[in-house]
Amino acid sequence: MSFHQKSRAACVALLMASLAHVSLAEDPAVPIGLQAELTAKIVGYDRNYSARAAGKGKILFLLKADDVGSTKVANQAKSAFGSLAEVGGAPHEESSMAYASAKALADEVVKQKIAIVYVSSGLSGEMAGIAEALNGKDVLTVAAVASDVARGAVLGFDLVSGKPKLLVHLTQAKKQNTAFRAEALKLMKVYE
């Protein structure tokens, strides 16, 4: 193997390692099934959820169409939520949507009266725009990836000392008409 071939091989290996690292950064820290269970419980502490759900909460799973990992996480989440009898004490139904734009998402939320948008992995770069587009909309955004809460998702999950920790973006929650009771907020790491 020549010097140039070795250099090329080293570059490819370095690139693959860096891509693997990027992929890991987008992986959910908390198992998807546990995220579904925690969400189902915590929305019961949202003073506005029962009105938002209007008898049957609609949950929209937002994914990045050209991202295999994003699609996998969204499908796992849809299945996990689908296996739950109730979310926030109410029956529910699930649908999926490939992300096209923040405006298209906001329009869909209003049109379909979506109660919860579950933002899959792979959309971190879009999260700030999504949050902005959902200002004034009556919807709870739940992030698969913990770092998306700091970017504007209302609710998310992280692992702290091996235990799941709920995260909430309080400022965005208010903008999206989500009002968690004080007893729930005590259990969460709050972003403002």
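Read-outs: derived from the displayed coordinates by stated rules, not from any lab. Predicted model, so just to flag it, every value in this text is computed and none were measured. Note that each Cβ is placed from the backbone with ideal geometry, even for glycine, and that neighbours are counted across all protein chains shown.
What ranking, highest mean first, results for peptides 32-39, 97-104 when packing means the other Cβ atoms within 10 Å averaged over each residue?
Values: 32-39: 19.8, 97-104: 14.4.
Per-residue Cβ counts within 10 Å, averaged per peptide and sorted highest first, yield 32-39, 97-104.
How do 136-145, 51-60 rank on mean C-beta neighbours within 10 Å, highest first? Let's see the in-between values first.
Values: 136-145: 23.7, 51-60: 18.1.
With the highest mean Cβ count within 10 Å placed first, the list reads 136-145, 51-60.
Could you sort the peptides 155-163, 174-182 by per-residue average Cβ neighbour count (10 Å cutoff), highest mean leading?
On the way: 155-163: 15.7, 174-182: 17.2.
Listed from highest to lowest mean packing, they are 174-182, 155-163.
Taking the Cβ-Cβ separation of E183 and K72 as r and a Förster radius of 35 Å, what is the calculated FRET efficiency to the nearest 0.05? Can you show the working numbers first?
Numbers: r = 34 Å, r/R0 = 0.98.
With a Förster radius of 35 Å, E is 0.55.
Taking Rg and Dmax of the Cα atoms in Å straight from the coordinates, which label in (i) 17.2, 64; (ii) 18.0, 69; (iii) 18.2, 61 is the correct one?
Derived directly from the coordinates: (ii).
Please tell me which of these pairs span more than 27 angstrom C-alpha to C-alpha: K78/K189; K111/K163; K56/K174? Don't jump to the answer; show the numbers that get you there.
Values: K78/K189 25 Å; K111/K163 37 Å; K56/K174 22 Å.
Long pairs (Cα-Cα over 27 Å): K111/K163.
Starting from the Cα of A85, step 7 Å along the direction of its Cβ; do the same at K113; then give the gap between the two resulting points in nm.
2.5
Helix-derived [θ] at 222 nm for the chain: sum -39500 (n - 2.57) over DSSP H runs of at least 4, divide by residue count, nearest 500? Intermediate results must be reported in sequence, preceding the final value.
Details: 9 runs with 86 residues, N = 192.
Here the helix-only value at 222 nm equals -13000 deg cm²/dmol.
Using the crude model of +1 on Lys and Arg Cβ and -1 on Asp and Glu Cβ, and no other charge, please compute the dipole size for the stretch 28-191 relative to its Cα centre, in debye to 20. Present the calculation step by step, with values, prior to reporting the outcome.
Details: 20 positive and 15 negative charges, 85 e Å.
Dipole size: approximately 400 debye.
E192 to S101: extension gain in nm, 0.36 nm per residue of separation minus the Cα-Cα distance? Display every interim value, and only then the final one.
Numbers: separation 91, 0.36 × 91 = 32.76 nm, distance 2.48 nm.
Gain in length upon complete extension: 30.3 nm.
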